[in-house]
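The values are calculated or read from the model by the stated rules, or taken from the named source; none is laboratory data. These figures come from a predicted structure and were not determined experimentally. Backbone-built Cβ (ideal geometry, glycine too); neighbour counts: all protein chains shown. For accessibility, only protein heavy atoms count, side chains too; no ligands or nucleic acids. Shrake-Rupley method; radii C 1.70, N 1.55, O 1.52, S 1.80 Å.
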Amino acid sequence: MARLSTVSVIALTLLVFSGGMASAQTSRNGPKVGFDIGTQTAGQFLSWSGNPKVGFLAGWSFEAPITSQISMLIEPMYIGKGSVTVNPQLKSRTSVGLNYLEMPLMLKLNTDSVPQGLFLTGGLMYGYLLHGTQKNYLDGRLTSTSNYSYTDKTNRGQWSAGIGIGHEMGSWMWELRGQSSLNTFDQLQRSHNVVYSIQVCWRFPSTDEKARKKAEREMDHDPDN
């Protein structure tokens, strides 16, 4: 945990000095939504186990420039995680839904000096479990529903690491992101949350874009042109 805190301090320090370091990029922000599939596994980073649990995410994306090609994404959001376990012999299915408030801090690297096009992301995120529900099915029928009781065995706070690839064009930005928790959800089962998501964000036009569009409109209405 101390190592994670050190990384967070470094990330926030970069954010503080981002205004003086930025040269070609400008700050952007806007709403973000997406869909995800989640599972719980005791395996390696981003490994998969069982059937996917479908969820959604929604939040706000702030992009703070650091250099002409590197920026910091700060994205408070709600995100659904969980797992689905099926036992074909017993004709049973268990669905676990976990609802988190999450704060990703992701470094965004543009593959071109122009701040548009393909980009890569990587970073850390802290999530806090709001509530969770487990539903048990037998032969397709719901047999029981239970809410998680939070004890010392359940980690409500969770650190995750994530990587992604995406593309931006104009005010739109989309990203395919994978993330895996670094500490376990349940200390007895040693289960990590793994989530793959597709995220779409629309950002408000930057000051430079507004100035450019205003100049274009003035040129179009100039009778001398």
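What's the extension gain from V86 to W60 if we count 0.36 nm per residue and subtract their Cα-Cα distance? All intermediate terms of the calculation are to be shown ahead of the outcome.
Values: separation 26, 0.36 × 26 = 9.36 nm, distance 3.48 nm.
Extending this stretch completely gives an extra 5.9 nm.
Tally Lys/Arg at +1 and Asp/Glu at -1 over every other residue whose Cβ is under 14 Å from the Cβ of I163; what's the total?
On the way: positive: K108, R177; negative: E175.
Local charge sum for I163: +1.
Chymotrypsin sites (Phe, Trp or Tyr not before Pro), restricted to region 100-179: which are DSSP loop and have at most 12 other Cβ atoms within 10 Å? Walk me through the intermediate numbers first.
Details: sites: Y100, F119, Y126, Y128, Y137, Y148, Y150, W159, W172, W174; in loops: Y148, Y150.
Qualifying residues, ordered by number: Y150.
How much accessible area per residue does region 124-184 have, counting only protein heavy atoms and a probe of 1.4 Å, in square angstrom?
Details: 3210 Å² over 61 residues.
I get 53 Å² per residue for this part.
Using modelled backbone amide H atoms (1.01 Å from N, in-plane), which distant-in-sequence or interchain residues come within less than 5 Å of L182's amide H?
Long-range HN contacts for L182: W159, S160, A161.
7 Å from Cα along Cα→Cβ at both T111 and H167: what's the point-to-point distance in nm?
Label at T111, label at H167, 1.0 nm between them.
Can you check what the net charge comes to around G82, using other residues whose Cβ is under 11 Å from the Cβ of G82 (Lys, Arg +1; Asp, Glu -1)?
Numbers: positive: K53, K81, K135; negative: D36.
Net charge around G82: +2.
Around N136, what is the net charge, scoring Lys/Arg as +1 and Asp/Glu as -1 over all other residues with Cβ under 15 Å from its Cβ?
Values: positive: K53, K91, R93, K135, R141; negative: D139.
So the environment of N136 carries a net charge of +4.
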